[in-house]
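Chemist: Structure below; questions to follow.
The values are calculated or read from the model by the stated rules, or taken from the named source; none is laboratory data. Since the model is a prediction, treat every value here as computed from it, not as a measurement. Here the Cβ positions follow ideal geometry from the backbone for every residue, glycine too, while neighbour counts run over all protein chains shown. The area values use the complete protein model at the heavy-atom level, side chains included, leaving out ligands, DNA and RNA. Shrake-Rupley method; radii C 1.70, N 1.55, O 1.52, S 1.80 Å.
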Amino acid sequence: MRLIILAASTSLLVLAAACGASGESAPASGQTGGQAGAPLETRPANNPDQKPAFAGQTRAPGVKTDVALNHSVVASGLVHPWGLALMPDGRWLVTEKPGRLRIITAQGQISEPVQGLPPVDARGQGGLLDVVTSPGFGQDRLIYWSYSEPRDGGNATSVARGRLSDDGARVENVQVIFRALPVYDGDKHFGSALAFAPDGKLFITLGERSDRPMRPQAQDLGSHMGKTIRINADGSVPQDNPFVGRAGALPEIWSLGHRNAQGIAVQPGTGAVWTVEHGTRGGDEVNLDKPGLNYGWPDAAYGVEYAGGAINSGATQAPGTEQPVYYWDPVIAPGGATFYQGAMFPGWNGDLLVAGLREKHIARLVIQNDRVVGEERLLTDLGERIRDVAVGPDGAVWAITDQDDGKLVRLAVAQ
């Protein structure tokens, strides 16, 4: 085992937030402001010509946590960590994009790479990606991970599972339970966030592979590209999936019209599925991801091309497509997401936490009646790209940073 423990930062977070929540929202247990406030985002838009479809769809009012926070860097030396998952004993599973899975204790001990994982195609945005534990991990010790799998003619996203050995040194009885199709020789937009629903079904997000010739596949039910996928834990297809039995449609598909979702979270209490996806400039989205629905990409999208110019016709709405619950303009380049549930910040319960890569913060979104009514930026003083976010057993927020010297960080109430 390698031991890397760094002292806690004594600097308090600079909470870049305005002074209140939307008039629709009530104060959150003394941890947020309670009056109508100005939008948190004040910078010029990436796409000044686009307009929201409804009030509150972008630039939510700022909210502010009124307890002092600080962060501690628990471990460092990770190489582009991507996925973060809590085990019942309080240790963390952390993936490194080059293809390594490690176990890290709450005290910062980093294991040697877990053995037994299949090879990955670690080019560009590809590699070893998300990881989750089985809902029954305490009994079966199964873990699930997504990765860009090298295949004849290129690569594509795959999901495998295996039993983590009792000593945590290896995974056993590895099975690939899902392989996205078609194969494509590219290095972008693998998507790849994983989440289990309360009924034990596994959700997988898949990008459309970015390149212009691939984009239309997000609208093609004969392709997995640009889709949210729902399967049983063994990889079989749930018979109540929305496109089961439809000619020409792949039965694993839950929803379509996505660009590159790297965040997914199941809402406590409701079981609703929320996804967070990279848009182009001015078009990062939060979606309430429902069965059989079409989320528009690339026919309807917020934002503009990275090189400038409209996306297709420039439409932000199209018949038969859904609107995002929220979008960021300018973008934050969102990574992983989770709903907060914990004792440390009772006023955050039910809020959606979203990792921000480009903007180097965690976005806390206050959600009421399926709308975003407030936003706060957390962990801003760390100054590093946040790849994934999770909640620890005591309610502290944990995050990993995306860089050669990646870090595992704990955000908590200042002592």
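Chemist: Any residue in region 313-325 that is in contact with a Ser or Thr (Cβ under 8 Å, 6 or more places away or on another chain) and either open to solvent by less than 10 Å² (accessible area, probe 1.4 Å) or modelled with pLDDT of 95 or more (or both)?
Modeler: No: zero hits.
Chemist: Please determine whether any residue of region 282-289 is outside any strand (DSSP E or B), modelled with pLDDT of 95 or more and aliphatic (A, V, I, L, M).
Modeler: no
Chemist: Of I362, I367, I386, which residue is over 21 Å from N70 (Cβ atoms) and modelled with pLDDT of 95 or more?
Modeler: I367
Chemist: Would you tally the residues in region 266-300 being closer than 16 Å to K51 by Cβ and in contact with a Lys or Arg (Cβ under 7 Å, 6 or more places away or on another chain)?
Modeler: Number satisfying all stated conditions: 1.
Chemist: Identify all residues within region 136-163 that are over 21 Å from the mean Cα position of the chain (by Cα) and open to solvent by less than 10 Å² (accessible area, probe 1.4 Å); write none if there are none.
Modeler: Residues satisfying the conditions are N155, G162.
Chemist: Are there any pairs with C-beta distances below 8 angstrom linking a residue in region 162-186 that is small (G, A, S) to a residue that is modelled with pLDDT under 95, with the two at least 6 apart or on different chains, and if so which?
Modeler: Taking only residues 6 or more apart or on different chains, not a single pair turns up.
Chemist: Can I ask one more? Out of curiosity, is V373 surrounded by 19 or more Cβ atoms within 10 Å (Cβ to Cβ) and under 17 Å from the mean Cα position of the chain (by Cα)?
Modeler: Criteria not met by V373.
Chemist: If you go through region 380-410, how many residues are within 15 Å of A363 (Cβ to Cβ) and either in contact with a Pro (Cβ under 6 Å, 6 or more places away or on another chain) or surrounded by 24 or more Cβ atoms within 10 Å (Cβ to Cβ) (or both)?
Modeler: The number of residues fulfilling the criteria is 6.
Chemist: Continuing with the same structure: Does region 193-224 hold any residues that are open to solvent by less than 10 Å² (accessible area, probe 1.4 Å) and either at pLDDT below 95 or in contact with a Lys or Arg (Cβ under 6 Å, 6 or more places away or on another chain) (or both), and which are they?
Modeler: F203, L206, E208
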